[in-house]
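Please read the structure below before turning to the comments.
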Amino acid sequence: MRELISLSSYDLMLASLLVLALAGVSTRLRLGIGLQLIIAACRTTAQLLFVGLILKKVFEHAELHWIALITLVMLVVASWEILARQKRKIKSWWGFGVSASSLVVSSFLITLIALFFIIKTDPWYTPQYTIPLLGMLLGNTMNGIALGMDRFVQTAWQQRMVIEQRLMLGQTAMEAIREIRNESMRAGMMPIINAMAAAGIVSLPGMMTGQILAGSEPIEAVKYQIMIMFLITAGTGFGVMAALHFLSKHLFDDRERLRFDHILLIKET
Amino acid sequence: MLNIQNIKIPGIQPINLSIAEGECVGVSGDSGCGKTRLLRAIVDMDEHEGDVFLGDKSMLEFSGHTWRKNVCLVPAESQWWFDTIGEHFPEKVFDKFSTLFKTLGFERDVLSWQSARCSSGEKQRLAIIRAIINKPRVLLLDEPTTNLDAENSRKVESLVSAYLKDNNAMVIWVGHNHAQLKRVAINSYYTLSSNGLMKAAN
């Protein structure tokens, strides 16, 4: 294996010069994006350095409760992120519960399965595996769940007259919402299906690239990447399914009436 | 027998009404007086106080969708969500119900029509057929002939009264046309206002 070439602060400064140059040019051309660019670059530097320091600490003291705390923070942030991406505002606490429980299904359970049965780490919570794996799953399934939920709520809202018409014809709530649910499932799964189809041909997935840069055998990196892709696909699928299940159950009451007031922050007229 | 007991709609006195088998009840009233809200409460589409009995069974003894299979509301503006009209009907519907379609002026090709291109009058007549083929015990019609000319209105009237007689069903017909309401609901013509449901003066 090759030695990893360590980057010095000087190397990073060289890379940052490229961003500064871009900011300079865009200010000159009055594109109005220069300041935003600088702020975002500073944020990314600060946030990643902070995470790096935390990970360093956690790797040194690989104790279960610290790892649990970190994963909990990741879960909370990802759940809020899902809510923040909804065009129609979902009731905060209920929506948080839906996102969090879908993420538990999609990311936590899948990560545990991978740790116990596939990678077989020892101890099972070895942070070098747990945290990056969970992070990758959360990031990707969060996307799918956010897309699926957004599509579901938007479409159901636009078609509320149709849903009520179907109820009036004696259809069950689940019959009346079926097409919208299927369509939302597809919307949530599209990104990962596309990513699988394009992997290796159009794009080199980030994790694999990282491993190769760090000196891994390409085939080893590929094997990990394939496993991750499968985990993400399963996670996203089950996560979107769970989220749509909660949403469509709660969209109707026990008399099978359409109740947007159950899930959305709207004033009844 | 349909028994409406103490249905409360905001701003209106509690509503009580019973309808016998084979009877058509006509209801008129100013726009916005609560006619549609009353119909929606009867089919249990909105939260409401009061109860409705079909025979001796309360609506709460049915699940929401079985209640609405028995008590079917045809809203003033019907919705068609599939691309073609035919997809909204069960298979072979024209073979079984050809007289129903023909009475309202449709031939077999109606099933291949594009839903989006139907006029409001066509949709209104098709919505009545779509409701009737489910054989509901009670049919609630919300302004069923507003988009129809006089001839088609008459056809709908006779279709509904034939359905009443043949199936011993019950109908609540909400509309604005007094002459029509007197025709379809001979002895059971009511007006709805904030005082509740009143027998209309002749």
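Here are the numbers:
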quantity: Options B:Gly11, B:Gly29, B:Gly22; residue that is at pLDDT below 95 and closer than 20 Å to B:Glu77 by Cβ; calculated: B:Gly29
quantity: Within the range B:22-63, considering residues that are basic (Lys, Arg) and in contact with a His (Cβ under 9 Å, 6 or more places away or on another chain), the one nearest to the other protein chains (Cβ to nearest Cβ); calculated: B:Arg40
quantity: Selection count, the range A:139-187, where residues are more than 13 Å from B:His65 (Cα to Cα) and touching a Phe, Trp or Tyr at 6+ places or on another chain (Cβ under 6 Å); calculated: 2
quantity: Qualifying residue in the range A:198-208 (condition: within 14 Å of chain B (Cβ to nearest Cβ) and assigned to a helix (DSSP H, G or I)); calculated: no
quantity: Scope the range B:64-73; condition more than 7 Å from chain A (Cβ to nearest Cβ) and open to solvent by 10 Å² or more (accessible area, probe 1.4 Å); matching residues; calculated: B:Thr66, B:Asn70
quantity: A:Arg186 vs. criteria modelled with pLDDT of 95 or more, surrounded by fewer than 15 Cβ atoms within 10 Å (Cβ to Cβ), more than 14 Å from chain B (Cβ to nearest Cβ) and farther than 16 Å from A:Ile228 by Cβ; calculated: yes
quantity: When residues of the range A:167-179 are limited to those that are surrounded by 18 or more Cβ atoms within 10 Å (Cβ to Cβ) and not polar (S, T, N, Q), the one nearest to the other protein chains (Cβ to nearest Cβ); calculated: A:Gly170
quantity: Matching residues in the range A:184-212 - criterion: being more than 17 Å from A:Leu133 (Cα to Cα) and in contact (Cβ under 8 Å) with a residue 40 or more places away in the chain; calculated: A:Ser184, A:Met185, A:Ala187, A:Gly188, A:Met189, A:Met190, A:Pro191, A:Ile193
quantity: Selected residue (criterion: nearest to A:Ala176 (Cα to Cα)) from residues of the range A:221-269 that are acidic (Asp, Glu) and open to solvent by less than 70 Å² (accessible area, probe 1.4 Å); calculated: A:Glu256
quantity: Some residue of the range A:93-110 being assigned by TED's automatic domain parsing to the domain that holds A:Met149, in contact with a helix residue (DSSP H, G or I) (Cβ under 9 Å, 6 or more places away or on another chain), more than 18 Å from A:Phe238 (Cα to Cα) and not β-branched (Val, Ile, Thr); calculated: yes
quantity: Complete set of residues in the range B:74-88 that are more than 16 Å from the chain's Cα centre (by Cα) and facing chain A (nearest Cβ under 7 Å); calculated: B:Trp81
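Okay, residues lined up against (1) of a type outside the set (Phe, Trp, Tyr); (2) at pLDDT 90 or above; (3) open to solvent by 70 Å² or more (accessible area, probe 1.4 Å); (4) on the phi > 0 side of the Ramachandran plot:
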| position | (1), (2), (3), (4) |
| --- | --- |
| A:Leu18 | yes, yes, yes, no |
| A:Ala23 | yes, yes, no, no |
| A:Leu29 | yes, yes, yes, no |
| A:Ala40 | yes, yes, no, no |
| A:Ala46 | yes, yes, no, no |
| A:Leu49 | yes, yes, yes, no |
| A:Gly52 | yes, yes, no, no |
| A:Ala62 | yes, no, no, no |
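The values are calculated or read from the model by the stated rules, or taken from the named source; none is laboratory data. This structure is a prediction, so every number in the text was calculated from the model and none was measured. Positions of Cβ are generated from backbone atoms using ideal geometry, with glycine treated the same way; all protein chains shown enter the neighbour counts. These accessible areas exclude ligands, DNA and RNA; they are computed on the full protein's heavy atoms, side chains included. Shrake-Rupley method; radii C 1.70, N 1.55, O 1.52, S 1.80 Å.
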